[in-house]
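Working notes, beginning with the structure itself.
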Amino acid sequence: MRRATRVPTLGAALLAATLTTTLACFTSPRPQEMPVALGPRGAIVDAKLRDGSHARGELLEVNADALVLLSDARVLVVPRERIESAKAPGLGFFAYRSYGSAPLAMSDDIAFQARYPRGVPPTVLTALLADARQSAPDTATAARGTRP
């Protein structure tokens, strides 16, 4: 009789282990749903600024102070303090303010959606600026670098 009770217990343990292993494989999004996984570019970001304007472009870098975008073939720095919310296809909202002057809450994983997750290398930044005929990156303001 003892042997009969061990077999279902062993079977239940094997079933639980199999289900856990199988379900663990389904925790990440499909690559087809993540444009960043299909090519060398960063996610396309739409950042709504606190003045109501928008900054849109390819996410090049996320740093402690700003998002760095490639917008209309120009390098654009979007300071975090100017961002009301930001979203990207396949990611939804990754940055938002819960209340008017609250600090910006941003997903820690968003840097991995950038073309350069560890920051734009200086030589690459120099080349991007030269291609755009910029002496320095633009900064997102209502007057320059944003569109409604």
So, over other residues within a Cβ distance under 14 Å of Leu104, counting Lys, Arg +1 and Asp, Glu -1, the net charge is +2
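Semi-axes of the equivalent ellipsoid of segment 32-139: what are they in whole Å, largest first, if each equals the square root of 5 times a C-alpha gyration tensor eigenvalue?
22, 17, 12
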Could you please state, rounded to a whole Å, how far the C-alpha centre of segment 109-130 is from the C-alpha centre of segment 72-96?
15
Any chance you could run the full-extension gain for His54 through Ala127? It's 0.36 nm times the residue separation minus the Cα-Cα distance, nm to one decimal.
23.7 nm
For segment 52-143, which chymotrypsin sites (Phe, Trp or Tyr not before Pro) pass both filters: DSSP loop (anything but H, G, I, E, B) and at most 14 other C-beta atoms within 10 Å?
Tyr99
Fewest Cβ neighbours within 10 Å first, please rank Ser71, Ser85 accordingly.
Ser85, Ser71
Of Ile110, Ile83, how do they rank once you tally other Cβ atoms within 10 Å and put the fewest first?
Ile110, Ile83
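Values quoted throughout were computed directly from the atomic coordinates according to the rules given, and no laboratory measurement underlies them. Quantities reported herein were computed from a predicted structural model and do not represent experimental measurements. With ideal geometry, Cβ positions are generated from the backbone for all residues, glycine too; neighbour counts draw on all protein chains shown.
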